[in-house]
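Trainee: Below are the structure tokens for one structure; questions will follow.
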Amino acid sequence: MKEELRIACEKNPHLQQYLDSLPEQGISPPDFEIQLSRSMSDIDYPNILYPVGDPIFIHIQGDAEKGIVKYFTIEPWLSESELEKYDTIMDAILEKAPQEPVPANEAELEKMIIKLLDQSITISENETEAKSSFIKSLIKIEAKVKLTQLEYDKILYYINRNIIGSGPIEPVIRDPYLEDIHSIGVNGVHIVHKIFDMLQTNITFGSKNRLDDWLRSMSERIGRPVSESHPISDGALPDGSRINIIYSDDVSRRGSSFTMRKFSEVPVSIIQLINWGALDVNMAAYLWMCMENGQSIFFSGETASGKTTMLNACLPFINRKHKIYSAEDTAEVQPPHAVWQQLITREQGPPESHVDTFTLLKAALRSRPNYIIVGEIRGAEGSVAFQGMQTGHPVLATFHASAVKKMIQRLIGDPINIPVTFIDNLNVAMILQAVYRKGKFLRRCISIEEIEGYYEEAGGVVTRAVFQWDAGTDKHHFRGLNNSFILESKIADKLGYEDKREIYEDVFLRAKILARMQEEEIEDYYEVLKIIWDYQEKGMDGLPFPI
């Protein structure tokens, strides 16, 4: 047994109990890993155990005979007698809570819970004493419930989990390797793992009533309560994760359901995306040139294609001194800039108090930002975004369309209705896609296309593909080399190049900087950000390595 695993088992007896139960099920001991790596995705049937913060552990267990891989959460479990004690203590805490000052934040709430718990229990030396004391407490002979230290630790975990945390899904909320959580009904909880893709979990809500109670509680946290009359809710949790709830059997026939998109506190860096194959250094360098020089870009693709992740990873390319405005339904973009005004829509309250993306964009335009970021363009706000581009405000946005042609069709059709002659205010479209290649789930930028303009003689909008992904080789090709409309006619003109072809040398220099970061294994978001901004400010002298 690894030393780290031995220590973990000593601190968490439930983990040792779980491991002891595996041989009876014909499961060999799992490999204990403190951190996971992307290379583990090559393992067909993994048997891996990893921690996500005491007292929770995750077991990824593959079954070659059944051809499946499952996701098991390991947390303390309560026996029937411990459940009774838990219920009694919770009743006591809820009875005393109204007499306490209202906590100002989560830390104060946790302190209050511990205080009320300690008032409701005493610690006993052994299980027999605790058991007899509990029976007395039930018949009011003794007011306090006696617990062993182990029972105290487990019950405190469950109280915090269910009041402060996320209840039954707390283990997956803590797991940093998850992207999405999907649940249909009481037992149908699945997750999308960053390394092992879609997996079924062992998580259960126990009963329909408990699931409905949990969904009502979560919807109240996001300020958009669900009910039979308002069964659908969408919003952001305090940690930034996005949740969509469909409540009521009438609407969701297989039981109330929810989908949660995990929020990453530290954005994925552009180097990580390059290492994962989502794009290559030349594509990233091209985007660097475009965003450094105020070009408008749409990150377009289908659901779960990585649009917002790519957008966030590219934001360090914008000049550090620029003023950024973002307008979103749910907070997802994370500019690292000092001057960033974050605007969020308001959908609750009386209709006259609602604030939509259209209104936010109009307010942003009056503030003269250097860049406007729209979380997603769906409707009338699209016309405001294009008006902003026309008046010299570059715009970044995500968009639902799987190809440039489809993106343009949506932009000029209802409900966005951009005049087709205005389309060339958008400079670049990056098309992203979730693909299955050789049995693996991958996210790839399949093309970058420049919007040249509308030409009546050509019968429509002319676009130019500067980068294309080859599915056969999983490589990206720079088709626009010495033939880029944006680089030569927009950026080179702006920078005053006599020979416009020299602009490609600037692109390749940035590509070399990104490649050197790869070689030096620099992929932390903030380290990558510092190198990019130091180069923008000091040139070659700002780099920590030779080129």
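Trainee: Within the range 142-200, count every residue that is open to solvent by 10 Å² or more (accessible area, probe 1.4 Å) and β-branched (Val, Ile, Thr).
Mentor: Within the range 142-200, residues that are open to solvent by 10 Å² or more (accessible area, probe 1.4 Å) and β-branched (Val, Ile, Thr) number 8.
Trainee: Name the residues in the range 366-415 that are among the aliphatic types (A, V, I, L, M), touching a residue at least 12 places away in the same chain (Cβ under 8 Å) and open to solvent by 40 Å² or more (accessible area, probe 1.4 Å), would you?
Mentor: Across the range 366-415, the qualifying residue is only Ala380.
Trainee: Pairs only if they're at least six apart or on different chains, beta carbon under 6 angstrom, first in the range 282-309 and more than 20 Å from Met389 (Cα to Cα), second open to solvent by 10 Å² or more (accessible area, probe 1.4 Å) and of a type in the set (Asp, Glu); list them, first residue then second.
Mentor: Note: pairs meeting the criteria are Thr308/Glu332.
Trainee: Pairs needed: first member in the range 485-503, within 17 Å of Asn425 (Cβ to Cβ); second member anywhere, charged (D, E, K, R) and not in a helix (DSSP H, G or I); C-beta distance under 7 Å; at least 6 residues apart or different chains.
Mentor: Pairs that qualify, where the first residue is within 17 Å of Asn425 (Cβ to Cβ) and the partner is charged (D, E, K, R) and not in a helix (DSSP H, G or I), are Phe485/Glu450; Phe485/Glu452; Phe485/Arg464; Ile486/Glu450.
Trainee: Can you tell me which residue among Gln25, Gln99 is without any contact (Cβ under 8 Å) to a residue 60 or more places away in the chain, open to solvent by 50 Å² or more (accessible area, probe 1.4 Å) and closer than 25 Å to Gln200 by Cβ?
Mentor: Gln25
Trainee: If we scan the range 296-306, do we find a residue that is assigned to a loop (DSSP other than H, G, I, E, B) and over 22 Å from the mean Cα position of the chain (by Cα)?
Mentor: Yes - at least one qualifying residue is present in the range 296-306.
Trainee: Follow-up question, since we're still on this one. How many residues are out of contact with any Ser or Thr (no Cβ under 7 Å at 6 or more places or on another chain) and either assigned to a loop (DSSP other than H, G, I, E, B) or surrounded by 15 or more Cβ atoms within 10 Å (Cβ to Cβ) (or both) when one looks only at the range 201-210?
Mentor: 4
Table: residues versus (1) hydrophobic (A, V, I, L, M, F, W, C); (2) out of contact with any strand residue (DSSP E or B) (no Cβ under 7 Å at 6 or more places or on another chain); (3) assigned to a loop (DSSP other than H, G, I, E, B); (4) under 20 Å from Gly301 (Cα atoms).
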position: Leu311; (1), (2), (3), (4): yes, no, no, yes
position: Arg320; (1), (2), (3), (4): no, yes, yes, no
position: Tyr325; (1), (2), (3), (4): no, no, no, no
position: Thr330; (1), (2), (3), (4): no, no, yes, yes
position: Gln342; (1), (2), (3), (4): no, no, no, no
position: Leu365; (1), (2), (3), (4): yes, yes, no, no
position: Pro369; (1), (2), (3), (4): no, no, yes, no
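Trainee: Which of (1) closer than 26 Å to Pro13 by Cβ; (2) in contact with an Asp or Glu (Cβ under 9 Å, 6 or more places away or on another chain); (3) open to solvent by less than 40 Å² (accessible area, probe 1.4 Å) does Lys70 not meet, given it meets every other one?
Mentor: The one condition Lys70 does not meet is (3).
Trainee: Return the only residue of Ala331, Ala313, Ala278 being at pLDDT below 95 and of a type in the set (A, V, I, L, M).
Mentor: Being at pLDDT below 95 and of a type in the set (A, V, I, L, M) holds for just one of Ala331, Ala313, Ala278, which is Ala331.
Trainee: Would you list the strands (runs of 3 or more DSSP E) that sit entirely within the range 223-295 and hold 1 or more residues that are touching a helix residue (DSSP H, G or I) at 6+ places or on another chain (Cβ under 6 Å) and open to solvent by less than 50 Å² (accessible area, probe 1.4 Å)?
Mentor: Those strands (runs of 3 or more DSSP E) span 232-236, 242-246.
Trainee: Quick one: would you say Ile431 is open to solvent by less than 30 Å² (accessible area, probe 1.4 Å) and either free of Cβ contacts under 8 Å to residues at least 40 places away in the same chain or not in a strand (DSSP E or B) (or both)?
Mentor: Considered against the rule, which asks whether it is open to solvent by less than 30 Å² (accessible area, probe 1.4 Å) and either free of Cβ contacts under 8 Å to residues at least 40 places away in the same chain or not in a strand (DSSP E or B) (or both), Ile431 comes out as no.
Trainee: Out of the range 189-204, which residues are within 13 Å of Thr259 (Cβ to Cβ) and among the β-branched types (Val, Ile, Thr)?
Mentor: Val189, Ile191, Val192, listed by residue number.
Trainee: Which of the residues that make up the range 438-462 are open to solvent by 50 Å² or more (accessible area, probe 1.4 Å) and either in a strand (DSSP E or B) or in contact with a Lys or Arg (Cβ under 9 Å, 6 or more places away or on another chain) (or both)?
Mentor: Lys440, Phe441, Arg443, Tyr454, Tyr455, listed by residue number.
Trainee: Then there is this: Yes or no: Lys512 part of a helix (DSSP H, G or I) and either open to solvent by less than 40 Å² (accessible area, probe 1.4 Å) or modelled with pLDDT of 95 or more (or both)?
Mentor: yes
The values are calculated or read from the model by the stated rules, or taken from the named source; none is laboratory data. Not measured: the values here are computed from a predicted model. So basically every Cβ, Gly included, is an ideal-geometry build from the backbone, and we count neighbours across all protein chains shown. Please note that ligands, DNA and RNA were not included when accessible areas were found on the heavy atoms of the full protein model with its side chains. Shrake-Rupley method; radii C 1.70, N 1.55, O 1.52, S 1.80 Å.
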